1. Can you confirm whether TYR49 is among the aromatic types (Phe, Trp, Tyr) and surrounded by fewer than 16 Cβ atoms within 10 Å (Cβ to Cβ)?
2. Regarding LYS34, is this residue in contact with a helix residue (DSSP H, G or I) (Cβ under 8 Å, 6 or more places away or on another chain), assigned by TED's automatic domain parsing to the domain that holds VAL129 and part of a helix (DSSP H, G or I)?
3. Whether any residue in region 15-31 is crowded, with 21+ Cβ neighbours inside 10 Å, outside any helix (DSSP H, G or I) and either in contact with a helix residue (DSSP H, G or I) (Cβ under 7 Å, 6 or more places away or on another chain) or on the phi < 0 side of the Ramachandran plot (or both) is what I want to check.
4. Hey, can you tell me all the residues within region 47-95 that are in a loop (DSSP other than H, G, I, E, B) and under 24 Å from LEU11 (Cα atoms)?
5. Would you pick out the residues in region 88-113 that are aromatic (Phe, Trp, Tyr) and crowded, with 24+ Cβ neighbours inside 10 Å?
6. Among the residues of region 104-159 satisfying the criterion of being farther than 20 Å from ALA72 by Cα, among the polar types (S, T, N, Q) and assigned to a helix (DSSP H, G or I), which is nearest to the chain's Cα centre (by Cα)?
7. VAL129: over 20 Å from TYR52 (Cβ atoms), β-branched (Val, Ile, Thr) and surrounded by fewer than 20 Cβ atoms within 10 Å (Cβ to Cβ), yes or no?
8. Please name all residue pairs, on different chains or six or more residues apart, with Cβ atoms under 7 Å, provided the first residue is in region 118-141 and is more than 14 Å from SER100 (Cα to Cα) and the second residue is among the aliphatic types (A, V, I, L, M).
Amino acid sequence: MMNNARAQASLGRLYFFGIGVSVDYKKALEWYTKAAEHGLEIAQYALGYCYYYGKGVDADSKKAAEWYEKAAEQGNASAQGMLGQCYRLGNGVPQNYKISAEWYHKAAEQGDAIAQYIIGVYYYNGFGVPKDTKKAIEWIKKAANQGHEKAIKALTKKQ
């Protein structure tokens with residue numbers, strides 16, 4: 001069944017990006033939904049993205065957060081970062097910096113440069129975590145080492 005889900009997600013990707021076919025977000029959404037319902041985390045993330053940004057469906061931040069959470073719980077770093085963003089902004093879930101920090105931290109630990117930068121900012125300001133300048137700089141340096149522009153700028157301002 002998982003092979004079918006991977007094929008379904010692949011079809012969704014082809015339609016989403018217009019690879020060999022015309023871009024068709026509605027068809028992409030259909031295929032992503034089938035794969036996501038089989039539990040495939042990459043399809044769950046893609047479906048969350050479709051709902052978050054209104055691709056092939058009316059934007060629905062609550063449904064987006066639900067799909068991001070399913071993928072995030074399976075270890076998808078992109079979904080973890082997006083779920084962190086949902087909690088940071090209160091999109092589809094109640095705004096909560098502590099939960100936001102937990103999800104950003106998980107994504108950051110997997111090497112997600114955006115999450116590394118954001119968790120660094122959280123530590124610097126004490127958003128959802130204890131204020132800790134040393135940890136802030138460590139995370140921001142990790143992001144900068146991956147070429148994250150805001151992280152690079154932040155470090156050059158501090159020195």
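1. Details: among the aromatic types (Phe, Trp, Tyr): yes; surrounded by fewer than 16 Cβ atoms within 10 Å (Cβ to Cβ): no.
Judged against the criteria, TYR49 is not a match.
2. no
3. No, every residue in region 15-31 fails to be crowded, with 21+ Cβ neighbours inside 10 Å, outside any helix (DSSP H, G or I) and either in contact with a helix residue (DSSP H, G or I) (Cβ under 7 Å, 6 or more places away or on another chain) or on the phi < 0 side of the Ramachandran plot (or both).
4. Looking only at region 47-95, we keep the residues that are in a loop (DSSP other than H, G, I, E, B), and these are 54-60, 74-76, 90-95.
Passing the criteria: GLY54, LYS55, GLY56, VAL57, ASP58, ALA59, ASP60, GLN74, GLY75, ASN76.
5. Result: TRP103, TYR104.
6. Checking each candidate, the answer is ASN145.
7. no
8. That search, which allows pairs on different chains as well, returns TYR124/ALA136; TRP139/ALA108; TRP139/ILE119; ILE140/ALA151; ILE140/ALA154; ILE140/LEU155; LYS141/LEU155.
The values are calculated or read from the model by the stated rules, or taken from the named source; none is laboratory data. What you see is a predicted model, and the numbers here were worked out from it, not measured in a lab. Quick reminder, even Gly has a Cβ in these numbers, built from the backbone with ideal geometry, and neighbours come from all protein chains shown.
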